[in-house]
Each structure stands twice: as structure tokens, then as C-alpha cells.
Amino acid sequence: MRRFGRTVRAPDLPAEYGVRMAVEEPVTGFAVAVVREDGRWRCSALDPGALTELDAAITELGKLRSTGASFGLLAVDDEFFVIVRPSPRGPSLLLSDAAAALDYDIAADVLDVLRVDPPDEEDDSVWPEGDLGILADLGLPGPELEVIVGEVDLYPDEQLQMVAQRCGFGSEFAKLLDEL
């Protein structure tokens, strides 16, 4: 089965049919690798494919070969973000909005890995799924990350900037975003 970045409603069918079709539609946003080694933070851009496929993001992060902490920050279409933290026993994941799985393959992939069912199409609530303590050892406790995720008036890049500031790599993150 071929998976696409985003699922959209067929434009020529009335909404009451509820028919969805998969079309390849470009996904905007950014994918950033964050590494902390020897007390220093480094941020670098990941391949754009990391925005549409979770496996691509995990593979890209695996190439970093760091002895320190490493993780990925993905902001997708100004809609949601994903934090991916590889480990030998499998990736730790946080999806900022579980409902994004209805429209985005990467969000659906996150829920698949977490073994969480996607929400009903009628449910338009915003809630996170995954490990809210994913960055606790780096200075961002789960309850604080939950507050950041709950700031639904902010765009994902703004939420991730808050994450970066709280963990201590805000200036490196902002500099990279300015270059992208």
C-alpha cells in the first residue's frame, strides 16, 4: 500500500459522502535533529522525507551516531509536531495532536507504533499521544511539556521553540530555523 503525506477530501463530492481519497500533496514544515555531546547542543536539518514517513525520520536520526542525547523535532504543515527519540529498545515518541492521524500518514504511523487507535473523525479535540516525559532528562519534565502541547493557540514551530528554550538549545534551534 502506498502511503501519502496527507489525505484530503475529494473536491467534486459532497461532504456528506465522507469519501476520502489519498493524493500526494506536499507537506510543509521542518525536521530538525538535535544532539547534545560534551555539554554542547547542535541542531541540523533532517531530510524533508522525515516529515512524511516516521521510518525516514528514525533512519535519519539513527545516522547521527552520537554518544550523547539525540532526538528529532518535526513540525508538520503548521498543524502538529512530533518528537522522536531513538533508543536501542525502540523510539520514544510524542505526537502533539492525535487527531492529525486522520489526515497525515506520519501521525498515523506514530499512533501505529504506540499501538493507539486513531480518534473518530467526528472528534475534533486536540490531545497528545506518546511519552510526555520524552525530554525529562534534558530539563523538560512531562507536566511542563504537557502545558506546551496544550497551548493550542500557538503554531507547532512556536511550541517547539518553547521546548528548545526550556531544554537549553533555543539559540541553536532559532539559528537553524532562520537558515531553513
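Numbers at a glance
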| read-out | value |
| --- | --- |
| Of all residues making up the stretch 85-103, the number that are part of a strand (DSSP E or B) and either within 24 Å of Asp124 (Cα to Cα) or free of Cβ contacts under 8 Å to residues at least 12 places away in the same chain (or both) | 3 |
| Number of positions in the stretch 30-55 that are among the small types (Gly, Ala, Ser), in contact with a strand residue (DSSP E or B) (Cβ under 9 Å, 6 or more places away or on another chain) and modelled with pLDDT under 95 | 2 |
| Any pair with Cβ under 7 angstrom, 6 or more apart, that starts in the stretch 104-130 at a residue that is farther than 24 Å from Ala56 by Cα and ends at one that is assigned to a loop (DSSP other than H, G, I, E, B) | Val126/Asp97; Val126/Val152 |
| Any hit, the stretch 146-159, residues being surrounded by fewer than 16 Cβ atoms within 10 Å (Cβ to Cβ), in contact with a Gly (Cβ under 7 Å, 6 or more places away or on another chain) and either not acidic (Asp, Glu) or not in a loop (DSSP other than H, G, I, E, B) (or both) | no |
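Yes or no, residue by residue, for (1) surrounded by fewer than 17 Cβ atoms within 10 Å (Cβ to Cβ); (2) within 21 Å of Arg166 (Cα to Cα); (3) at pLDDT below 95:
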position	(1), (2), (3)
Ser66	yes, no, yes
Leu95	no, yes, no
Ala101	no, no, yes
Asp123	yes, no, yes
Val126	yes, no, yes
Leu140	no, yes, no
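The values are calculated or read from the model by the stated rules, or taken from the named source; none is laboratory data. Worth saying up front: this structure is predicted, and the values here are computed from it rather than measured. Note: ideal-geometry Cβ built from the backbone for every residue, glycine included; neighbour counts use all protein chains shown.
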